[in-house]
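Undergrad: My questions will all concern the structure given below.
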Amino acid sequence: MMMNFIPRCQLLVVFLASTVLTRPMSAFNFKFQVKRTLRMSNTPLKSVPSLIVFDLDNTLWTPELYQLRKLQRNNQYPVAHKDVKLFPAARDVINAIKKDPENKFSNTKFAVASRTKSVEWAHDLLDQFELRDLFHYVEIFPGNKKQHFRNLKEQSGLNYHDMLFFDDARDGKYGNCEPVSSLGVLSVHCPSGIYEEKIWSNALEHYKTWSLHKTPNTIIEWDLSITSKKVVDPNERLSGEVTFVNREKRFGFIRYGDSGTTDMFFHFNELPYGAEVDRGDEVTFSIATDRRKGKDAATNIQISDSRSDEDLVEMRVFSMNLPFAALLSNGYKTLETRNGTMFTPYPEGTKMLLHVGQRMYPDGDRHIEVMKSGGLNDDEIMNLKSLPPGFSKGMAVAIVELGKTFETTLEQRSEPDFQRAVAAFGSDSGMRATEIRRVEYLKRGVKVSGRGGVFKAKVDKNVIPDGWLDTPQKVYSVTV
């Protein structure tokens, strides 16, 4: 038939054009007709990859070499079939490749890509298992597995989409499938190693179909399903909910998309200036790929807030660390001393929010000596040093009305009453003292990003205790 001489790609184009112009077709029938049309051409589907690459530890053999610590301590090499064993299915697959009765792999090359630090052991085991002759390329060195594949691409002259890769580690810090699949390599995640033959046969079968479209970021999962990561559009805005926050290391994760979507990493640097988030907060964000690390992360994060400006009040805020923030909030500390002029510009009656810093002030518990000099016992001191439930570091916890600010001498600061009002010895206090006329806890703690000096923050009016906002706006507003 003349049909047999039509190139495969032209045949498929002719079929698709005629289909679109003639009649609608269900997804099932469309797929069937594509396969039928391709069978009519001389060129068969690409049945096997041009390069098949295996990880070693926990993929071809077990255990992972780093677990053989006793041998390491004794400076001994592991013995094949004794200390390290091939997975039975992996052994059967290797034997089938070597025999290849159907000449299926005559045009296929094989390679190893391993990040193990036990490089010499791995090479020695390849010899002991008599696998050396099977592999055309061997890449064994610690580091990034993407570099293994760049080397393999250069050595073989093949494209990434001509490769198939088996590995037990999918993603995360030690993951391999995800970064390698981003290159365009079809990757097979086998977390328990090649422990059954269908992992191998399923991968080869999927490769046939995948080779038609060669979609990057495709992984054959452990349950034999396939996932393809969506190509990142840096301009797309996504919505999600914060599920985890590590304030000490300044990162977290956002849940978004459907149930099969992996939570997205974010760093605090991507939050609006001065903003903080907590679990349950709703945010919008874009996704960007870190070219150096090859990982996606949330960027340009905006915190969703349904409140209008009428519901907010902009306040001055200053920050103190525990235990002194609690001592002031609980009414014990009635003087705040500083060597700087932080409170000097503000008139008596100015109202500010008190923010609790993330650290403890290191005074060597000298404040306890001062407090005991006034007759307080340990339990009373502990209560005064503690914040109520629901109030913690990183929050604005109280509203304060300032009195006058004045300069002092060391002699004045060393008077017992002055020391107790400051909760510090005179030699530890600053030269400028500011009176705390009154203080009251907010109705609930408010997350605020602390900074040095006096700074601004908008908070919900409903958290301010009753009566504190009844005075003229200029007393508590940021506007001077």
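Undergrad: Could you please tell me which pairs satisfy a Cβ distance under 8 Å, a separation of 6+ or placement on different chains, a first residue in the range 80-93 that is surrounded by 17 or more Cβ atoms within 10 Å (Cβ to Cβ), and a second residue that is in a strand (DSSP E or B) and aromatic (Phe, Trp, Tyr)?
TA: From residues that are surrounded by 17 or more Cβ atoms within 10 Å (Cβ to Cβ), the pairs are Val84/Trp61; Leu86/Trp61; Phe87/Trp61; Ala90/Trp61.
Yes/no per residue for (1) in contact with an Asp or Glu (Cβ under 9 Å, 6 or more places away or on another chain); (2) of a type in the set (D, E, K, R):
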position: Asn151; (1), (2): yes, no
position: Gly157; (1), (2): no, no
position: Tyr160; (1), (2): no, no
position: Lys173; (1), (2): no, yes
position: Ser181; (1), (2): no, no
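Undergrad: Condition check: of a type in the set (Val, Ile, Thr), touching a residue at least 40 places away in the same chain (Cβ under 8 Å), surrounded by 14 or more Cβ atoms within 10 Å (Cβ to Cβ) and on the phi < 0 side of the Ramachandran plot. Does Thr243 satisfy that? Quick ask: steps written out before the conclusion?
TA: Details: of a type in the set (Val, Ile, Thr): yes; touching a residue at least 40 places away in the same chain (Cβ under 8 Å): no; surrounded by 14 or more Cβ atoms within 10 Å (Cβ to Cβ): yes; on the phi < 0 side of the Ramachandran plot: yes.
Taking the combined requirement at face value, the residue does not satisfy it.
Undergrad: Across the range 172-208, what is the number of residues that are part of a loop (DSSP other than H, G, I, E, B), closer than 19 Å to His148 by Cβ and of a type outside the set (A, V, I, L, M, F, W, C)? Break it down stepwise before answering.
TA: Of the residues in the range 172-208, the ones part of a loop (DSSP other than H, G, I, E, B) are 172-176, 182-185, 190-196.
Add one more test, that the residue is closer than 19 Å to His148 by Cβ, and what stays is 172-176, 182-185, 190, 193-194.
Imposing the further condition that a residue be of a type outside the set (A, V, I, L, M, F, W, C) reduces the set to 172-176, 182, 184, 193.
Matching residues across the range 172-208 total 8.
Undergrad: Cβ-Cβ distance below 9 Å, separation of 6 or more or different chains: which pairs start in the range 131-145 with a residue that is free of Cβ contacts under 8 Å to residues at least 12 places away in the same chain and end on one that is assigned to a helix (DSSP H, G or I) and open to solvent by 30 Å² or more (accessible area, probe 1.4 Å)?
TA: These pairs meet every condition: Arg132/His123; Asp133/Lys98.
Undergrad: Residues of the range 389-409 being open to solvent by 40 Å² or more (accessible area, probe 1.4 Å) and modelled with pLDDT under 95, which ones? Let's see the steps before the verdict.
TA: Looking only at the range 389-409, we keep the residues that are open to solvent by 40 Å² or more (accessible area, probe 1.4 Å), and these are 389-390, 392-393, 404-407, 409.
Hits for the range 389-409 are Pro389, Gly390, Ser392, Lys393.
Condition check ((1) part of a strand (DSSP E or B); (2) surrounded by fewer than 14 Cβ atoms within 10 Å (Cβ to Cβ); (3) not aromatic (Phe, Trp, Tyr)) across all residues:
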site: Tyr77; (1), (2), (3): no, no, no
site: Asn95; (1), (2), (3): no, yes, yes
site: Lys98; (1), (2), (3): no, yes, yes
site: Phe105; (1), (2), (3): no, no, no
site: Asp124; (1), (2), (3): no, no, yes
site: Asp127; (1), (2), (3): no, yes, yes
site: Glu130; (1), (2), (3): no, yes, yes
site: Lys146; (1), (2), (3): no, no, yes
site: Phe165; (1), (2), (3): yes, no, no
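Undergrad: Name the residue that is least open to solvent (accessible area, probe 1.4 Å), counting only residues in the range 335-365 that are over 16 Å from Arg438 (Cβ atoms), aliphatic (A, V, I, L, M) and part of a strand (DSSP E or B). Outline the logic, then answer.
TA: Applying the first criterion (over 16 Å from Arg438 (Cβ atoms)) to the range 335-365 yields 337-342, 344-345, 355-365.
Now restrict to residues that are aliphatic (A, V, I, L, M): 342, 356, 360.
Among the residues that remain, those that are also part of a strand (DSSP E or B) are: 356, 360.
Details: Val356: 0, Met360: 110 Å².
Checking each candidate, the answer is Val356.
Undergrad: Anything in the range 97-121 that is in contact with an Asp or Glu (Cβ under 9 Å, 6 or more places away or on another chain) and of a type outside the set (Ser, Thr, Tyr)? List them, or say none.
TA: Within the range 97-121, Lys98, Ala111, Val112, Ala113, Arg115 qualify.
The values are calculated or read from the model by the stated rules, or taken from the named source; none is laboratory data. Just so it is clear, the model here is predicted, and its values are computed rather than measured. We place every Cβ from the backbone using ideal geometry, glycine too, and count neighbours over all the protein chains shown. Ligands, DNA and RNA are excluded from the accessible area calculation, which covers all protein heavy atoms including side chains. Shrake-Rupley method; radii C 1.70, N 1.55, O 1.52, S 1.80 Å.
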